[in-house]
1. Would you give the gap between the C-alpha center of segment 268-301 and the C-alpha center of segment 106-159, rounded to a whole Å?
2. Please list, in chain and number order, the residues 5+ apart from GLY307 or on another chain whose amide H is under 5 Å from its amide H, with Hs placed from the backbone.
3. Rank the residues TRP359, TRP247 as a footprinting-exposure proxy: fewest other Cβ atoms within 10 Å of their Cβ go first.
4. Report, largest value first, the span of the C-alpha coordinates of segment 292-338 along each principal axis, in whole Å.
5. I'd like the Karplus ³J(HN,Hα) series for segment 76-84: coefficients 6.51, -1.76, 1.60, θ = phi - 60°, whole numbers in Hz, and an x wherever there's a Gly or Pro.
6. If every alpha-carbon in segment 328-458 counts as one equal scatterer, what log10 I(q)/I(0) does Debye give at q = 0.09, 0.12, 0.16 1/Å?
7. Once phi is turned into ³J(HN,Hα) by the Karplus curve 6.51 cos²θ - 1.76 cosθ + 1.60 with θ = phi - 60°, what whole-Hz value does each residue of segment 251-259 show in order, with x for glycine and proline?
8. Taking amide H atoms as placed 1.01 Å from N in the peptide plane, list the residues 5 or more away in sequence, or in a different chain, whose amide H sits under 5 Å from that of ALA432.
Amino acid sequence: MKKKKPQISRRDFIKYSAIGLTASTLPVSPGCSTLTKSNAPVEECQSQNLVSNIRYKTKVFAPANIAGIKLNNRIIRAATALNLPAEKGKLMATDKFIEKFTELCQGGVGAIITGCVAIQQNGASAFENALLIDKDIYVAEFKKISDAVHKFDTSIIMQIGHDGPITRRVNTGAATVAPSAIGDKSYTEETPKALSEIEIMEIIDNFISAIGRAQRAGFDGVELMAAHGSLLSAFLSPNSNIRTDKWGGSTENRFRIIKKIIKRAKKQFKDYPILVKINAYDFQSDGMRVKETVKIAKLLEDAGCDGIEVSSGVAGDGFSTVRVYDFPTEMLLTHNFNYKDMSPALKTVTRCSIPLISWMYQYEPIYNFNICAAQQITEAVSIPVIVVGGIRKLNDIEQIIGNNMADYVSMARPFIIEPDIVNKFKAESQTASECLECGHCILALEEMPVECFYGEVP
Ligand SMILES: Cc1cc2nc3c(=O)[nH]c(=O)nc-3n(C[C@H](O)[C@H](O)[C@H](O)COP(=O)(O)O)c2cc1C
């Protein structure tokens, strides 16, 4: 009889069992650390109380412009993968896609950033319907989406990226960015291999081709995905980039790949707007820190980048990119461990391990967690800065923009539960998002189209 494959690798089993023992010796994770529960404060960021009676509503809702991209207001829908049914990799501008984007437009969004579209096959996210823009044949389908959005006088920016060393185990709560040289991703490999010079040049070429396709598909600009442990952010972070050649080491070297992409694209596609989403900090030992990100922000400006979106965290590192409030144990067991198929013994071990993992991966607070970093970046550069992460209240948005902590805000989860959140804010029929921060939309992402489960386990 064929031997049944274990549902959890031996490596993971040992790791999870050992977590409880080792957690207390783990290094402090700096960043906006006065804002995190388990980490000691560091000098980089101060926790901020945004509550104020001074209103800046007019500024938030006035039309704006980023390098020619027209915005209806300063509240942007952040990149959110939809995982809507599509033929493997291939965008189908189905009614469902159009419907989702139409809802956002009708709901008053300032502008839309799409979920990440992969520049090449092996750079696509782990979920089944990850989108690709690696061939010209996809341009027409994407054009249907941009046309649908433009009917509402709303701008749409395509986020393009390469998922890099994030592996399929992205939702298991394990840190998956191997501390090895920058690697190309293969779902079957535990550790990414180092990219060769030729492969790096190919990746740059593929980014350029993708930008050209986005432009031809009528998108108002692109956003390079250089956050959350994706390939470009793995180049930036000293934690994941331990190369000793011209692509690693100094800040300039780690930035080189992004610089080359922006410079070439600017030359080839004239003034086509290019934004970049970066991590201000990533909770990794020797990883990204705000001070370093400020340097990178200046390099982005020098390279010709038109705007920076400030995020944090690594997708494979628990919930550090989204900071869920309470670790969603049941959801994790149902959707991410093949729990149902485990032997009773393994089930017991897994159940016992979860609280330990959960204790390890508590990232607080849940609100406004990148503001302090965005403020430092805003002060350092003159290009527009967008801040994302736990922004939920109209008053907070007004304070962020009114006090120049950032030029724009973006939100992801609030638009999943309420695509019309901006209209609600504008009318003040509601002044805070209904999002519970349950994390279920993220956990279900690999298996089903994105929706709000409002704390329920589907
Ligand atoms: C379901 C889901 C899908 C996401 N997909 C992407 C993505 O494709 N690209 C990206 O840069 N960020 C993605 N994110 C992260 C968000 O853009 C954002 O950085 C993060 O959710 C924090 O913002 P929020 O607190 O407003 O949700 C996703 C988030 C969620 C919840």
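All of the numbers you see were taken from the coordinates with simple rules; none came from a lab. Note that this is a predicted model, so its numbers are computed, not measured. Quick reminder, even Gly has a Cβ in these numbers, built from the backbone with ideal geometry, and neighbours come from all protein chains shown.
1. Here the answer is 22 Å between Cα centres.
2. Under 5 Å from the amide H of GLY307 lie the amide H atoms of VAL276, each far enough along the sequence or on another chain.
3. Ordered from fewest to most neighbouring Cβ atoms within 10 Å, TRP359, TRP247 come out as TRP359, TRP247.
4. Here the spans come out as 47, 19, 16 Å, largest first.
5. 9, 7, 6, 3, 9, 5, 9, 6, 7
6. -0.37, -0.61, -0.90
7. These are the phi-based 3J(HN,Hα) values: 4, 4, 5, 5, 7, 3, 4, 5, 4 Hz.
8. LEU394
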